[in-house]
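Some notes on the structure that comes next.
The values are calculated or read from the model by the stated rules, or taken from the named source; none is laboratory data. From a predicted model like this one, the values you see are computed outputs, not experimental measurements. Counting neighbours? That spans all protein chains shown, and the Cβs are built from the backbone with ideal geometry, glycine included. The area values use the complete protein model at the heavy-atom level, side chains included, leaving out ligands, DNA and RNA. Shrake-Rupley method; radii C 1.70, N 1.55, O 1.52, S 1.80 Å.
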Amino acid sequence: MKPRCLIWDWNGTLLDDLQLCLDLLNELLEQNGSTNRYDLAGYREIFGFPVVDYYRRAGLDFSKRSFEALAADYVARYNPASFACSLCPGAADALAALKSAGVRQVILSASEQALLRRQVKHLGLAGYFDELLGQTDYYAHGKLAVGKAWMACQNFDAAEAVLVGDTLHDAEVAKGLGAQCVLCAAGHQSRARLLTAGVPVIDTLAELPALLGL
């Protein structure tokens, strides 16, 4: 299964921002009049893309504040706090193993492009990646179009790429790109949800090098 290119999701896959995102969701709910509160297990059952639908499932009322206003509020809190987040367990070793094996690595993220670049640089990871592919805004609508545009410029078949993520959306993106997919159950969605995608699911990134035959 050794790929020519490893396409990484960022949030919840490489960047361990799970607790931060849970805390910020509960803050938004409290400050916008919802009585809903979530623990980690509950959060991992409702999180998903597009974010506007996830906000509705969580209990945020757009008749009181628009999605755009809520998203801007979230981003204003998330961006500075995210620089205190560390890498997910096993991420450093997986990145090093792929680099040693000569596998190209890119990040394809729902995060805004400039923020993604700052986060990667802050963690000292820039040397691992050929490309950092983020979004042009903060609304996290999805990343398939960005991935397709990048893939169209590459000199290898999409089937030679593996996308590693932590959500069902990542499996959808991989399918849309024609790439293989591995999902990691240490991030923003539960293992039970990820298993419905019908692709390999690992518990931590420590399992990834062996799965890829590295």
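Could you give the angle, 0 to 90 degrees to the nearest 10, between helix 168-177's Cα long axis and the longest principal axis of the Cα atoms of the chain?
Once rounded, one gets 50 degrees.
Give me the percent of accessible area attributable to carbon and sulfur for the chain, probe 1.4 angstrom. Write down the numbers at each step before the final one.
On the way: 4910 of 9210 Å².
The computed percentage sits at 53.
If I build a Gaussian network model for the chain, linking alpha-carbon pairs within less than 10 angstrom, which residue out of T13, T196, T136 has the largest mean-square fluctuation?
For the chain, modelled as a Gaussian network with Cα springs under 10 Å, the answer is T196.
Roughly what angle does helix 67-81 make with the longest principal axis of the chain, taking Cα atoms, 0 to 90 degrees, to the nearest 10?
60
Write down the accessible area per residue of the chain in Å², having rolled a 1.4 Å probe over the full set of protein chains.
Details: 9210 Å² over 214 residues.
Here the per-residue accessible area is 43 Å².
How many nm is it between the label spots at K2 and N155, if each spot is 7 Å from the Cα in line with the beta carbon?
2.0
What are the aspartates and glutamates whose alpha-carbon lies under 17 Å from the alpha-carbon of K175, with same-chain residues fewer than 8 places away excluded?
D9, D157, E160, D166
With each run of n ≥ 4 DSSP H residues scored as -39500 (n - 2.57), what mean residue ellipticity at 222 nm is computed for the chain after dividing by its residue count and rounding to the nearest 500 deg cm²/dmol?
-12000 deg cm²/dmol
Please give the length that would be gained between D23 and Q113 if that part of the chain were fully extended, namely 0.36 nm times their separation in residues minus their C-alpha to C-alpha distance (nm, one decimal).
The span from D23 to Q113 would gain 30.1 nm if fully extended.
Please check: in the Gaussian network model of the chain (C-alpha springs, under 10 Å), which one of N11, N155, N26 has the largest mean-square fluctuation.
Evaluated over the chain, the most mobile residue of the options is N155.
Say we join alpha carbon atoms closer than 10 Å with springs in a Gaussian network model of the chain; which of K99, K64, K175 then has the biggest fluctuation?
Ranking K99, K64, K175 by mean-square fluctuation puts K64 first.
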